[in-house]
Amino acid sequence: MKHATVMASEIHEIPSVLNAQIAKGLEQYIAAGRAAAAGRPHGFVTCARGTSDHAATFFKYVMELKTGLPVASIGPSVASVYDTPLKLDGFACLTFSQSGGSPDLAALQAAANAGGATTYAFLNVTESPVGHGADFVLPLLAGPEVAVAATKSYVATLFAILGFAAGFCEDKVLEKALRGFPDQARLALSQNWTKAQFSLARAASLFTVGRGPGMAVAAEAALKLKETCRIHAEVYSAAEVLHGPVVIAQRQFAALLFDPEDKARQSVLDVNDALADKQADAYLVTSQANGAHCLPVPASQHPLLIPLLQIIGFYVFVEELARKLGENADAPEGLNKVTITL
């Protein structure tokens, strides 16, 4: 099936990418998680930039919720610019990257390894500087990704993270849900969010709001709105919006709120109500869609898969919005596929 943009084509490849991961990658992710658990780590540190850093946020929430172990993000410049020796005995360092090619990520991974950490690299391009330097390389198997805005590789990273978590925790329920996920992902591609297009297109600025693991997709949505549509968007936790940012909401202000559908749900609904009271156009991304300002996603077989369904639906939406705004979603002005940072 031919799509209007490369980005759209890659978004619609997501179910086949997931099937490839189940066939060739999931056992590796589970085994790596088991190996990490056997090492009884004190905690984890993450290394990532951009969209991959949003995947690191997902890893943080998933592992802290499931294990109680701390997960910290280390700024790559600590190693690449400031050349600081790290003290990470007993820790695992996880690098997330589509290309594995940025020197600062390779430098931080090397510093973590020198500091005593076991290093794991989640990569779409395994033959890369990061891949060559890692103790364990976990292939994302997303295939070539040509559009500048990463989509299928991001979903593949979240899926691989859940495989790692299932192995670390010996969670057979999560493992079973992962094996059945491609069909749900295919349903997520067909959801209709067009009712939110006008509000977001006319908004001078907007919020994306999440809580818990959903913060990872709220952050990714804000980035993609800026990258592909040139719409200013800022991400907030539902716990923070009412502490100050809500004051700028008004008529013609818009928001996307990602319903976690878990214990944090009420806090997101409270923000949704507060924004609506200020006459902002607030849209709730949820499988429990029963209102004019709800954007539907399929029901999930496991709560940790909800963010993946939400971001798939969002990708379809934002690519279409970018085209209607006359933007080049495949190659936004001023951006490159591989960003080299030091």
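The values are calculated or read from the model by the stated rules, or taken from the named source; none is laboratory data. Being a predicted model, the structure only gives us computed values, none of them experimental. All Cβ positions, even for glycine, are placed from backbone atoms using ideal geometry, and neighbour counts span all protein chains on display. Only protein heavy atoms, including side chains, enter the accessible area calculation; ligands, DNA and RNA are left aside. Shrake-Rupley method; radii C 1.70, N 1.55, O 1.52, S 1.80 Å.
Taking the protein heavy atoms of the stretch 176-228 in the context of the full set of protein chains, the accessible area attributed to carbon and sulfur is 55 percent at 1.4 Å.
Against the main long axis of the alpha-carbon atoms of the chain, helix 103-114 sits at an angle near 40°.
Remark: the stretch 187-286 carries a charge dipole of roughly 300 debye about the Cα centre, counting +1 on each Lys and Arg Cβ and -1 on each Asp and Glu Cβ.
Taking the chain as the reference, fit the longest principal axis to its C-alpha atoms, fit the long axis of helix 14-24 to the helix C-alpha atoms, and give the angle between the two in degrees, 0 to 90, nearest 10. Once rounded, the angle reads 20 degrees. The convex hull defined by the C-alpha atoms of the chain has an orientation-averaged projected area of 16.0 nm². By the compact-protein rule of thumb, 2.2 N^0.38 Å, the alpha-carbon radius of gyration of the stretch 1-57 corresponds to a ratio of 1.57.
Among the listed pairs 226/324; 152/224; 2/224, those with a Cα-Cα distance over 18 Å are 2/224.
The modelled label-to-label distance for the pair residue 31/residue 266, using points 7 Å beyond Cα in the direction of Cβ, is 4.6 nm.
Just to check, using Stokes-Einstein with a Kirkwood Rh over alpha carbon pairs, what's the diffusion coefficient of the stretch 206-332 at 4 °C and 1.567 mPa s in µm²/s? Here the translational diffusion coefficient equals 89 µm²/s.
For the stretch 1-102, the convex hull spanned by the alpha carbon atoms encloses 130 Å³ per residue.
Pairwise alpha-carbon distances in the stretch 255-320 exceed 15 Å for 51% of all pairs. Using a probe of 1.4 angstrom and keeping all protein chains present, the accessible surface of the stretch 38-164 works out to 36 square angstrom per residue.
Shape summary: the stretch 46-114 maps onto an equivalent ellipsoid whose semi-axes, from the alpha-carbon gyration tensor, are 20, 15, 9 Å in decreasing order. What fraction, in whole percent, of alpha-carbon pairs in the stretch 136-212 exceed 19 Å separation? Summing the P(r) tail past 19 Å for the stretch 136-212 gives 59 percent.
Evaluated with a Cβ-only charge set (Lys, Arg +1; Asp, Glu -1), the chain carries a dipole of roughly 320 debye about its Cα centre, given to the nearest 20. Counting protein heavy atoms only, the stretch 1-141 has 55 percent of its accessible area on carbon and sulfur, 1.4 angstrom probe. Pair-distance distribution of the stretch 49-194: all C-alpha pairs, bin width 5 Å, starting at 0; shares per bin in whole percent are 2, 9, 17, 21, 22, 14, 9, 4, 2, 1, 0.
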